[in-house]
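This report refers to the structure that appears directly beneath it.
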Amino acid sequence: MDAAALTLLQLNQRIAGLLNVAATQNVWVVAELSDVGVRGGHCYMELLQKDPERGTTVARARAAIWASNWSRISAGFKAATGQEFATGIKVMVCASAAYHPVYGLSLVISNVNPEYTIGDLVRRRREILVRLQSEGILELNRRLAMPEPALRVAVISSAGAAGYGDFLNQLYHNSQRLRFTTCLFPAVMQGERTAVSVMDALDTIETEADRWDCVVIIRGGGATSDLIAFDDYALAAHVARFPLPVVVGIGHERDVTVLDYVANLRVKTPTAAAEWLISQGGRALERLRRIGGELLQSLTDRIAGHRTQLACCEGLLPTASGACVERSASQLRNRVEALAAICSQRILPQTVRLDHLADSLGNRAMSAIERSRIKLDGKEALVAALSPEATLRRGYSVTRVGGMAVRDAASVPSGTRIETQLASGTMISVTE
Amino acid sequence: MNTEKPVFVPVKELSYTQAVNELEAILRLMQSDECDIDNLTAYTRRATELLRECRGRLTATDEELRAILADIEK
């Protein structure tokens with residue numbers, strides 16, 4: 001019975017021997033990294049496979065990269081992907097299963113294919129961007145107008161970070177003495193808690209949004225840079241929807257995260273963020289200087305203009321009164337002449353008419369008198385013809401008795417003394 | 001001709017943007033023929049006041065600067 005039983009060590013060695021076959025050695029396997037840590041030069045980690053729908057872990061294995069490989073692999077990986085070999089990213093590793101009598105099963109990684117990780121990161125980024133785009137929020141923050149100047153700056157960073165110090169130094173030592181106001185809203189800037197921590201800080205800032213012109217998210221510089229934490233949908237959506245313009249300075253040139261796409265402004269480094277803010281303030285100052293200069297210029301111009309005008313008036317004044325009198329006099333003369341012209345124009349026809357009337361009046365008077373005279377002459381002749389003298393001259397005579405003309409011979413008794421008047425002389429006789 | 005005295009909002013009540021915009025407006029006014037010589041002094045005084053306020057909001061005095069820097073370098 002004793003001989004039949006194996007020691008645990010023997011069993012474990014047997015298991016180890018069974019595992020040591022081609023099917024488990026130097027196999028390329030894809031997995032997600034978790035709990036990555038370096039101890040004694042060796043890198044230990046957990047490899048996970050998650051259900052893409054539910055996120056639950058469907059497979060798990062311990063793994064290690066021995067110190068002899070670690071420095072080569074980590075440097076190559078970072079150079080190719082721009083990422084630390086760190087928790088949260090997907091990797092393709094060349095692994096061999098090994099069974100240690102004490103520590104049990106683990107995978108020993110001898111190589112890593114960074115292309116897979118690059119592809120995965122790119123795909124992840126693209127998925128997040130497409131989702132933000134389809135939700136219509138991708139460009140919300142980018143479209144916000146950055147206040148000019150943005151002097152009140154809410155900073156999200158980690159307090160001890162070198163980048164934060166650089167940022168403040170740059171900002172407050174600006175040569176133009178721009179008056180910046182900053183406040184640090186501390187957040188974890190690397191590792192798994194980054195996204196949640198930055199979102200918390202954003203929420204705090206949002207409660208006092210009217211105190212700030214913009215938000216600057218900067219990371220603590222240094223060599224360590226796992227940007228993957230910033231390729232997070234929730235964080236990107238948060239920044240995109242944020243009511244204040246967000247400036248992101250978390251990486252260097254080549255490390256473009258989703259956050260860089262949604263932020264109002266993306267700069268390479270914290271120092272660059274500070275420089276940008278300073279240049280903005282400088283532009284505002286420059287505008288003030290320009291306005292001041294132009295104001296002074298237009299004021300000077302204006303006063304000079306008025307002065308010239310006054311001087312001109314002054315010069316005109318002495319001659320102006322004389323000219324004015326002369327002008328009035330000439331005006332008066334003109335009017336007199338005009339008046340005379342009008343008078344003659346109006347009166348002349350009347351005079352002519354009067355003259356005409358006078359002439360015709362004379363004529364008519366003369367002819368009237370002539371007519372009367374002729375008429376009178378006619379009457380005179382008639383009178384003369386009818387007069388008793390004319391009758392007498394024709395041989396007639398008038399017989400009177402006692403001075404009375406006799407018309408009937410019978411009325412005169414005989415012996416009456418009669419008086420006969422002839423054309424020339426009178427005869428006295430007695431009737432028989 | 002506009003002979004009314006212009007009425008101004010106290011500069012402290014203006015936002016920076018409002019103040020700069022007003023400055024630009026005064027500048028335009030001074031460059032146009034609308035500006036009444038009677039009000040030139042008032043406008044100039046106002047513009048100076050706005051400029052001083054804007055510049056004051058943008059830049060810190062020596063004293064403030066020292067205080068701020070002392071704070072950072074603690």
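Pop out the Kirkwood hydrodynamic radius of the protein assembly as shown from its pairwise C-alpha distances, inverse of mean 1/r, in Å to one decimal.
Values: mean 1/r = 0.0284 Å⁻¹.
Over the protein assembly as shown, the inverse of the mean reciprocal pair distance is 35.3 Å.
Take peptide A:283-296, look around each residue's Cβ out to 10 angstrom, count Cβ atoms belonging to other protein chains, and average those counts. Kindly include the intermediate steps, with their values, before the conclusion.
Values: counts 0, 7, 4, 0, 4, 10, 2, 2, 9, 9, 1, 6, 12, 4.
Counting other chains' Cβ atoms within 10 Å and averaging over A:283-296 gives 5.
Within 10 Å of each Cβ in peptide B:27-33, how many partner chain Cβ atoms are there on average? Round it to a whole number, please.
Details: counts 9, 2, 1, 8, 6, 1, 1.
Taking the mean over all residues of the peptide, I get 4.
Using 0.36 nm per residue of separation minus the Cα-Cα distance, give me the extension gain between A:Val336 and A:Val430 in nm, one decimal.
Values: separation 94, 0.36 × 94 = 33.84 nm, distance 9.96 nm.
My answer for the length gained is 23.9 nm.
In a GNM of chain A with a 10 Å cut-off on Cα contacts, which of A:Ala159, A:Ala16, A:Ala187 has the highest mean-square fluctuation?
In the Gaussian network model the winner is A:Ala16.
Calculate the all-directions average of the projected area of chain B's alpha-carbon convex hull, and give it in nm².
Numbers: hull surface 24.2 nm².
Value for chain B: 6.1 nm².
Normalised by the residues of chain A, what does the relative contact order come to in percent, with Cα pairs under 8 Å and at least six apart?
Numbers: 616 pairs, mean separation 45.2, N = 432.
That works out to 10 percent.
Name the most mobile residue of A:Leu235, A:Leu332, A:Leu168, meaning the one with the largest mean-square fluctuation, in a Gaussian network model of chain A with Cα contacts below 10 Å.
Result for chain A, Cα springs under 10 Å: A:Leu332 fluctuates most.
Report, in debye and to the nearest 20, how large the dipole of the protein assembly as shown comes out about its Cα centre when Lys and Arg carry +1 and Asp and Glu carry -1 on their Cβ.
Computed charge dipole of the protein assembly as shown: roughly 1780 debye.
Quick note: the coordinates plus some simple rules give every number you see, no bench work behind them. Quick caveat, the model's predicted, so the values are computed rather than measured. Positions of Cβ are backbone-derived with ideal geometry, glycine not excepted, and every protein chain shown enters the neighbour counts.
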